[in-house]
1. Restricting the search to segment 103-122, which residues are touching a helix residue (DSSP H, G or I) at 6+ places or on another chain (Cβ under 9 Å), part of a helix (DSSP H, G or I) and surrounded by fewer than 17 Cβ atoms within 10 Å (Cβ to Cβ)?
2. Name the single residue, out of those in segment 89-126 being among the aliphatic types (A, V, I, L, M) and under 14 Å from the mean Cα position of the chain (by Cα), that is farthest from Val9 (Cα to Cα).
3. I'd like the full set of residues that are within 12 Å of Cys138 (Cβ to Cβ) and small (Gly, Ala, Ser), limited to segment 105-123.
4. Here is a list of conditions, (1) of a type outside the set (D, E, K, R); (2) modelled with pLDDT under 95; (3) not in a strand (DSSP E or B), and Cys125 meets all of them except one; can you say which number that is?
5. Within segment 25-35, can you find the residues that are within 17 Å of the chain's Cα centre (by Cα) and either of a type in the set (D, E, K, R) or farther than 14 Å from Phe5 by Cβ (or both)?
6. Across segment 48-102, which residue is surrounded by the fewest Cβ atoms within 10 Å (Cβ to Cβ) among those that are closer than 24 Å to Gly29 by Cα and of a type in the set (Val, Ile, Thr)?
Amino acid sequence: MQHLFRSTVLNVNLKDYTKEEVADWASCGDDLSHWKELLSQHHFIGAFDEQGNMAGFSSMNKGGYLHSMFVHKDMQGRGVAILLLSEVEKMAKAYGVTEITSEVSLTAKPFFEQKGYKVVKSQKCRANQLELTNFVMCKQIL
């Protein structure tokens, strides 16, 4: 997950953020204790290709906060994010939450909008050293 996160941010998000911004964002995944904390607080799901390589992952907590949604740079546009989001939405229903919230990158915003998520607000969020633009988005779950 650590490698997929870093590779995705450095390659895919480069179309919407500067080289300095993606480098700073990618560095957030360098701390293994941060990954351990995320793993203890969120339920993670993964998608894998036919060879068993991780194609993407997503995570959500029991309060309906979708923390992670990353798809391998070589698996973009193949339905991996659609599959992951479908599973996360099922997870939210199982948790009994009525709304999913997330902080979504400039890159991911159009995807989430297509899937019925609405922008609550635009914000600047600190990655490591730099502040990057992202969006708080939500979707009502029935």
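The values are calculated or read from the model by the stated rules, or taken from the named source; none is laboratory data. Everything numeric here is computed off the predicted structure, so don't read it as measured data. Cβ coordinates were reconstructed from backbone atoms using ideal geometry, including for glycine residues, and neighbour counts include every protein chain displayed.
1. Phe111 - this is the single residue of segment 103-122 that is touching a helix residue (DSSP H, G or I) at 6+ places or on another chain (Cβ under 9 Å), part of a helix (DSSP H, G or I) and surrounded by fewer than 17 Cβ atoms within 10 Å (Cβ to Cβ).
2. The residue in question is Ile100.
3. Passing the criteria: only Gly116.
4. (3)
5. Matches in segment 25-35: Asp30 only.
6. Here the answer is Ile82.
Listed here are the residues, each with its yes/no results for (1) in contact with a Ser or Thr (Cβ under 6 Å, 6 or more places away or on another chain); (2) among the aliphatic types (A, V, I, L, M); (3) closer than 19 Å to Leu84 by Cα.
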position	(1), (2), (3)
Met1	no, yes, yes
Thr8	no, no, yes
Asn11	no, no, no
Asp49	no, no, yes
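This table checks each residue for (1) part of a loop (DSSP other than H, G, I, E, B); (2) without any contact (Cβ under 8 Å) to a residue 40 or more places away in the chain; (3) more than 21 Å from Phe135 (Cβ to Cβ); (4) basic (Lys, Arg).
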| site | (1), (2), (3), (4) |
| --- | --- |
| Val22 | no, yes, no, no |
| Ala26 | no, yes, no, no |
| Gly46 | no, no, yes, no |
| Glu50 | yes, yes, yes, no |
| Phe57 | no, no, no, no |
